[in-house]
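Each value in this text was obtained by applying a stated rule to the coordinates, not by laboratory testing. Note that the structure is predicted; figures quoted are calculated from it, not measured. Using ideal geometry, Cβ is built from the backbone for each residue, glycine included, and neighbour counts are taken over all protein chains shown.
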């Protein structure tokens, strides 16, 4: 699986180009406003963008949707509970809606708390967490639709994944641009609240 992490915008957003190595088909997760950089990176990787997936509907994660779709014809996927944030989505996801990309199948994990329709995408030991889980921290819950206890339940669910799962967050807010579930169990500032404070 091809993974290209791109930092975009004044809020240190991470956008991802994720591709199937065999078919060279790709999707873009959370395109920020700098679509030209995303398109250039896709050309550099030699992949064709077929889908755009938003981990949630906040504007810093959806700002590039329209222009990227206009340039690629890609369909836009968003969880149904965040549809009001971005009504132009082509496909409304549910918990049971896997996302297919060539020979890669992503599990869609509904992880509300930062927003009602927050999701994470999980495939081949990689977890794209949007604003649910950052490196060493988690998303805020003081925006409309946010709820701290709900976010805690979502993160407890993520902590059940294998410890070597690579965490790819939605913002560059931590000491490193990615981590693992095992690292988060030991170092995330909210781990004790979420019930996963490990000291070994």
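Between residue 142 and residue 163, what's the calculated FRET efficiency when r is the beta-carbon distance and R0 is 41 Å? Round to 0.05. Present the calculation step by step, with values, prior to reporting the outcome.
Working: r = 30 Å, r/R0 = 0.74.
Result of the calculation: an efficiency of 0.85.
Out of all DSSP beta bridges in the chain, what portion is antiparallel? Express it as a percent rounded to 5. Walk me through the numbers before you get to the answer.
On the way: 26 of 41 bridges.
Taking every DSSP beta bridge within the chain, about 65 percent pair in antiparallel fashion.
How long is the gain from residue 22 to residue 40 if the chain were fully straight, where each residue apart is worth 0.36 nm and the alpha carbon distance is subtracted? It would help to have the intermediate numbers written out before the result.
Values: separation 18, 0.36 × 18 = 6.48 nm, distance 2.04 nm.
Result: 4.4 nm gained on full extension.
Using the Cα gyration tensor of the range 105-199, with a ≥ b ≥ c the square roots of its eigenvalues, what is the shape: rounded (a/c below 1.5), prolate (a/b larger than b/c) or oblate (neither)? Kindly include the intermediate steps, with their values, before the conclusion.
On the way: a/c = 1.44, a/b = 1.13, b/c = 1.27.
Since a/c stays below 1.5, the shape of the range 105-199 is classed as rounded.
Using helices alone, what [θ] at 222 nm do you get for the chain, with -39,500 (n - 2.57) per DSSP H run of 4 or more residues, divided over all residues and rounded to the nearest 500?
Values: 6 runs with 45 residues, N = 200.
Value at 222 nm, helices only, nearest 500: -6000 deg cm²/dmol.
Helix 148-158 versus the longest principal axis of the chain: what is the Cα-based angle in degrees, 0 to 90, to the nearest 10?
Approximately 80 degrees, to the nearest ten.
If each residue's Cβ is checked for other Cβ atoms within 10 Å, how do 147, 79 rank with the fewest at the top? Please list the in-between numbers first.
Values: 147 15, 79 28.
Least crowded to most crowded, the residues run 147, 79.
Tell me, 69, 4 in order of fewest to most beta-carbon neighbours within 10 Å?
Details: 69 20, 4 17.
Ordered from fewest to most neighbouring Cβ atoms within 10 Å, 69, 4 come out as 4, 69.
What relative contact order, as a whole-number percentage, does the range 2-194 give when Cα pairs under 8 Å and 6 or more residues apart are counted? If you can, show how the numbers build up before the last one.
Details: 450 pairs, mean separation 30.9, N = 193.
Computed over the range 2-194, the figure is 16 percent.
Kindly identify the range 6-53 as rounded, prolate or oblate by the Cα gyration tensor criterion: order the square roots of the eigenvalues as a ≥ b ≥ c, call it rounded if a/c is under 1.5, otherwise compare a/b with b/c, prolate if a/b is larger, else oblate. Before the final figure, lay out each step's value.
Working: a/c = 2.46, a/b = 1.89, b/c = 1.30.
Because a/c hits 1.5 or more and a/b exceeds b/c, the range 6-53 counts as prolate.
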